[in-house]
Structure formats: C-alpha cells, structure tokens
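The values are calculated or read from the model by the stated rules, or taken from the named source; none is laboratory data. Predicted model, so just to flag it, every value in this text is computed and none were measured. In this analysis, Cβ positions are derived from the backbone assuming ideal geometry, glycine residues included, and neighbour counts consider all displayed protein chains. When the accessible area is computed, the model is the full protein with side chains, heavy atoms only, and any ligands, DNA or RNA have been set aside. Shrake-Rupley method; radii C 1.70, N 1.55, O 1.52, S 1.80 Å.
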Amino acid sequence: MEKKIRIVEGDITGQTVDAIVNAANTSLLGGGGVDGAIHRAAGPELLQECRQLGGCPTGEAKATRGYQLPAKWVIHTVGPIWRGGTRNEDALLASCYRNSFKVARELGARSIAFPSISTGAYGFPLERATRIALREARETLAADDRIEEVVFVCFGQKALETYQAVYREAFGEESAGGSSSSRRK
Ligand code: ADP
C-alpha cells in the first residue's frame, strides 16, 4: 500500500497524472501561488470553466478539465486559513484531502497529485499539514483499490524534507521518490 505514495520535489503543473489538485480560494477565480501557476499552465479556458462553478466552500472540492496541462483534470479544493488552530483548521484540511479523493474516484482518476494545501499564503504549519495529508492518503489507499498512485509534489527543499521525515515517522521506511521536474516559478 505504501508504495502507492510518492513524494517528489517540483512543480505540480508538470505532473503526468490523471488529476492534479489545486489549492484554490473560495471564488475559484484564480489567485497566487500554486493556483496562479495552474491557471497559467492550463490556459484561459480553465478560468472560463471555473466561472461556471459558482465558487467552492472551504474544505470542499470541485473538478474541471485540465486543458493544456498534462493532467486530464484539475480538482480545485479550498484549504482553511490558519488562525492558530482553534477554528477547526485540522478537520477542514483533512476534508480537503478526503473530498479531493472523492472527486477523483467519481472522475475515475487512478493517479492524483497534491500540492501542500494551505501551507503557503494560508499559513498552515507545514509539518502539521503534512501529517494530515499523509494520514488521509494512507486511509484512502487502504480503503480504495481504484486509486493507484498519490503524488505529493513538494515545492522546494524544505517541503520535500518535511514530507520525507513525516513519511518515515508514519510508515517507518523511506518513501518512493521518483523523477520530477525541479522547475521553479
Ligand atoms: P494556500 O493559499 O492554500 O496556502 P499557496 O499556493 O499559497 O496556497 O501554497 C500552497 C503550497 O503550494 C505551498 O507549499 C507552496 O509552496 C506550494 N506551491 C506554490 N507553487 C507551486 C507549484 N507550482 N507546484 C507545487 N506546489 C506549489
């Protein structure tokens, strides 16, 4: 089961998987960080489709096509803004992962790549977020045979080291790495 989780450093827009997850905001109309990178790489049709979705509440997820991305679909989820940990942030972040997996199953996606949701502009502590991400992936993979591969795309060395360390702590072994572009914005 653990073999299905891959941790790579790179840019999520270059990932060749069925679906990539976008850490969007509630408007779904684009933003900075990974959201901006995904919209730039997918092209303007992505924004057109997003306009039809009517936004997305925090913790939920909605899909669009991937347009010029190698990924067939983009699953847009809205992470919680970190407010010190007292506003249900942990549960909301977990529900981003769970709902993204649910949407992926509905699409028939077998491989899915995640950025580190909420840990950029939204300020969620990286290690705490990583524990939640890996726990949710592990639980989904244990319960679901259809999803074959979950890729965590770490943007930079610090994120990569954190994911690897949390993976070792949780699974007691090295994660499968894998080739990935290390292109930076
Ligand atoms: P949020 O608002 O959910 O915090 P951000 O986009 O600000 O979203 O950051 C989420 C994470 O995505 C951060 O860890 C950031 O380093 C990372 N990130 C930014 N650009 C990319 C990219 N092109 N590919 C993968 N991860 C990215």
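If I ask for residues that are in contact with a Ser or Thr (Cβ under 7 Å, 6 or more places away or on another chain) and open to solvent by 20 Å² or more (accessible area, probe 1.4 Å), which ones from the range 39-52 would you list? Of everything in the range 39-52, those that are in contact with a Ser or Thr (Cβ under 7 Å, 6 or more places away or on another chain) and open to solvent by 20 Å² or more (accessible area, probe 1.4 Å) turn out to be Ala41, Glu49.
Filtered by the rule that a residue be open to solvent by less than 40 Å² (accessible area, probe 1.4 Å) and either over 17 Å from Ser95 (Cβ atoms) or more than 15 Å from the ligand (Cβ to nearest atom) (or both), the range 124-153 gives Leu126, Glu136, Ala137, Thr140, Leu141, Asp144, Ile147, Val151, Phe152, Val153.
Could you please give the count of residues in the range 1-30 that are without any contact (Cβ under 8 Å) to a residue 60 or more places away in the chain and either out of contact with any Pro (no Cβ under 7 Å at 6 or more places or on another chain) or not polar (S, T, N, Q) (or both)? Residues in the range 1-30 being without any contact (Cβ under 8 Å) to a residue 60 or more places away in the chain and either out of contact with any Pro (no Cβ under 7 Å at 6 or more places or on another chain) or not polar (S, T, N, Q) (or both): 7 in total.
If you filter the range 6-38 down to residues that are more than 9 Å from the ligand (Cβ to nearest atom) and hydroxyl-bearing (Ser, Thr, Tyr), you find that the one that is least open to solvent (accessible area, probe 1.4 Å) is Ser27.
Conditions tested, residue by residue: (1) over 14 Å from the mean Cα position of the chain (by Cα); (2) within 22 Å of Thr26 (Cα to Cα).
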site: Arg110; (1), (2): yes, no
site: Pro115; (1), (2): no, yes
site: Ala121; (1), (2): yes, yes
site: Ala133; (1), (2): no, yes
site: Ile147; (1), (2): yes, no
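Scanning the range 86-110 for residues that are assigned to a loop (DSSP other than H, G, I, E, B) and in contact (Cβ under 8 Å) with a residue 24 or more places away in the chain returns Gly108, Ala109, Arg110.
For the range 154-164, give me each residue that is open to solvent by 30 Å² or more (accessible area, probe 1.4 Å) and either assigned to a helix (DSSP H, G or I) or at pLDDT below 95 (or both). Residues satisfying the conditions are Gln157, Lys158, Glu161, Gln164. Of the residues making up the range 54-85, those that are closer than 12 Å to Ala24 by Cα and without any contact (Cβ under 8 Å) to a residue 40 or more places away in the chain are Gly55, Cys56, Pro57, Thr58, Glu60. For the range 69-102, a residue qualifies if it is away from the ligand (no atom under 15 Å from the Cβ) and either open to solvent by less than 10 Å² (accessible area, probe 1.4 Å) or of a type in the set (Asp, Glu) (or both), and exactly one does: Phe101.
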